[in-house]
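> Quick one: the structure is below, questions incoming.
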Amino acid sequence: MIRPEVKTTSGNVHEELPLRMETRGLSVFYGKKAGVREVSLPIYNNRVTALIGPSGCGKTTFLRALNRMHDLTPIARVTGEALLDGQNIYERGVDPVEIRRRVGMVFQKPNPFPTLSVYDNVVSGLKLVGIRHKGLLDEAVERSLTQAALWDEVKDRLRAPSMSLSGGQQQRLCIARALAVQPEVLLMDEPTSALDPISTQSIEDLMSELKKHVTIVIVTHNMQQAARVSDFTGYFLTGELVEFGPTNQIFTNPKDPRTEAYITGRFG
Amino acid sequence: MRSLQARYNRDRVMVALLLLGTALAALPLLLLLGYALIEGFTSLNWDFFTKTQKPPGELGGGMAQAIVGTIILNGVGLLLAIPFGLAAGILLSEYPEHPLNPPLRVLSDTLNGMPAILKGLLAYVLIVKPMGGFSGLSGAVALAFIMLPILAKSTESVLRLVPWTIREAGLGLGLPRWRVILSLVFPAARAGVVTGMLLALSRAAGEAAPLLFTAFGNVYMQLNLLQPMDSLPVRLYTYAVSPYDDWHRQAWAAGLVLLALIVLTSLLARWATRGRQ
Ligand SMILES: Nc1ncnc2c1ncn2[C@@H]1O[C@H](COP(=O)(O)OP(=O)(O)O)[C@@H](O)[C@H]1O
Ligand SMILES: [Mg+2]
């Protein structure tokens, strides 16, 4: 596949990129209260899209709408469309389990399965749907841990309990676990907010490599992080998408005064 | 300073009262244990474990049939109760939106509050009547009715303690909900589930009333579940109301053995789930 580079800071070149996902007028309500309202946003294939904005502005809410995680919250209700490869994932008859298989998730706090070893954590998404072939599983473990930049650190203790890893290693283990089922999209909700600077660095470093295999949407409240790792950035404020564009443009030449205020640290 | 000293004094008095209260509450228990030990130990010998009852009035003999019967009745009862109890616990904890959830909760609470003797009656109506006679099986069913709500309640509460993040992680991987519950949530609660089984077992093991008209009792060794079967509580009761001193001592011994069996089971289970959680 041809993957055009996005180097421009102006113009509409990014609109030529293939879409992996897209939302159209997507809203999420908790009871009567809207968590996000009428968000339309493109998610380009093999690119990193960052969602920034002050705490409580709906970043997590939006992210969880992209793989139907809100199905698990009884009071949450989603309206509008979220397209994955052109298909609305909220359409009748779409299996949410299938969607979550294609759109993986990494959570804010590392959450490896405490009863499983490092190895079994990585292959849990495969083993628990009945894949038992040892060669296949071994290969998935090495591939996923390598992609998550964890292989060298744990290759000699794959049978160790997952909880024996450090916090940063646990988070990379969770990334590897999500990658093992080979999702098309990886949603990351502030994946480094619970980590020390060195672990944060290692996760930021692996993202540029990772996006060759998977489309990434990352929520962060750290603007420097968004600037460092992402190709596109969306700025959220009180449940609405204020501005979306190439990261360079958002950070150097924001069109909306509210984005500019946030970027330059005048609030938030 | 005077008031500080006064507070210290008051504190001492309160602690002393508390200790006194605890001691008073523990006293009957200690007396019972001590008495059972003294009375029971004189009858605890090899014969007690290997022989069955001697004709009334004759010294000696044992309770082998009651020990074996208690183990069988409770073992079978637990096996019968486990699938239903765990399934109910899972449904109560993991499927709050399921239409069967509220009625199941009412059923479980009702069963929990129902006197044990009524559960015996239930087993009598369900098994003894249709089969036309007393049997170990009906006793096991009666005990299962006692264990069921305890299992359901304890399973529900330990599943609730499993962090929500584990479920989210599993579902986020694209695993079906039942798979997440069975393979990820349940194992994380394993030790607690086993503790619940012990709780159910120790509650049921001491019951005589529901067995009186189900398993009935037997002075001979009986391994066939379709025949009347003996148990320690029933034997204890029978011996305790008998006019013979030797049987009274054996009744105490039966109590001791029952207690020892329960302690032993819980040690075994602890050992089996060691290193988890
Ligand atoms: N489960 C929930 N129930 C009710 N309100 C919620 C829930 N989750 C989030 N919200 C509300 O939705 C809004 C957006 O929250 P969130 O998406 O978590 O923001 P962010 O991730 O940007 O900090 C907040 O006002 C929050 O209080
Ligand atoms: Mg958030």
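> Between A:Glu142, A:Glu38, A:Glu98, which gets the highest mean-square fluctuation from a Gaussian network model of chain A, Cα cutoff 10 Å?
A:Glu98
> Compute the normalised compactness of segment B:2-43: alpha-carbon radius of gyration over 2.2 N^0.38 Å, N being the residue count.
Cα-based Rg divided by the globular estimate yields 1.98.
> Also: Would you please classify the overall shape of segment A:45-115 from the alpha carbon gyration tensor, given that a ≥ b ≥ c denote the square roots of the eigenvalues, rounded means a/c under 1.5, and beyond that prolate means a/b larger than b/c while oblate covers the rest?
rounded
> Given segment B:72-139 reduced to its alpha-carbon atoms as identical point scatterers, what log10 I(q)/I(0) does the Debye formula return at q = 0.14, 0.23, 0.25 Å⁻¹?
So the normalised log intensities are -0.55, -1.06, -1.12.
> Per residue of A:178-188, how many C-beta atoms from partner chains lie within 10 Å of its own C-beta, taken as a mean?
Mean inter-chain Cβ contacts per residue within 10 Å come to 1.
> Something else now. Taking only the Cα atoms of chain A, how large is their convex hull per residue, in Å³?
Here the figure is 135 Å³ per residue.
> Place a +1 charge on the Cβ of each Lys and Arg in segment A:18-143 and a -1 charge on the Cβ of each Asp and Glu, then give the dipole magnitude about the Cα centre in debye, rounded to the nearest 20.
360
> Could you tell me what percent of the DSSP beta bridges with both partners in the protein assembly as shown are antiparallel, to the nearest 5?
The antiparallel proportion sits near 60 percent.
> Using a Gaussian network for chain A with springs between C-alpha atoms less than 10 Å apart, which of these wobbles most: A:Leu145, A:Leu41, A:Leu186?
A:Leu41
> Here's a follow-up. Please state the shape class of chain B: rounded when a/c is under 1.5, otherwise prolate if a/b exceeds b/c and oblate if not, all from the C-alpha gyration tensor.
Oblate, because a/c is 1.5 or more while a/b does not exceed b/c.
> Loop sites only, by DSSP: take the GluC sites (Glu not before Pro) in chain B that have at most 12 other C-beta atoms within 10 Å and name the longest stretch containing none of them.
It runs B:98-277.
> Taking square-rooted eigenvalues a ≥ b ≥ c of the alpha carbon gyration tensor, is segment B:211-267 rounded, prolate or oblate, where a/c under 1.5 means rounded and, failing that, a/b exceeding b/c means prolate?
Oblate is the answer for segment B:211-267, as a/c is 1.5 or above yet b/c matches or exceeds a/b.
> Let me ask something else about it. Which residue, B:Phe84, B:Ala208, A:Phe62, has the largest displacement toward the positive end of the dipole of the protein assembly as shown when charges sit on each Cβ (Lys, Arg +1; Asp, Glu -1)?
Ranked along the dipole, the leading option is B:Ala208.
> Here's something else I'd like to know. Please report how many Lys pairs in segment A:17-170 have alpha carbons closer than 29 angstrom, counting only residues at least 8 apart along the chain or sitting on separate chains.
Lysine pairs, 8 or more places apart or on different chains, close enough: 9.
> Hey, another quick one. What size of dipole, in debye to the nearest 20, comes out for the protein assembly as shown about its Cα centre when the only charges are +1 on Lys and Arg C-beta atoms and -1 on Asp and Glu C-beta atoms?
700
Taken together, the values in this text are just the output of simple stated rules run on the coordinates, not laboratory data. The model shown is predicted, which means the values in this text are computed figures rather than measured ones. Ideal geometry is used to build each Cβ from the backbone, glycine not excepted, and the neighbour counts take in all protein chains shown.
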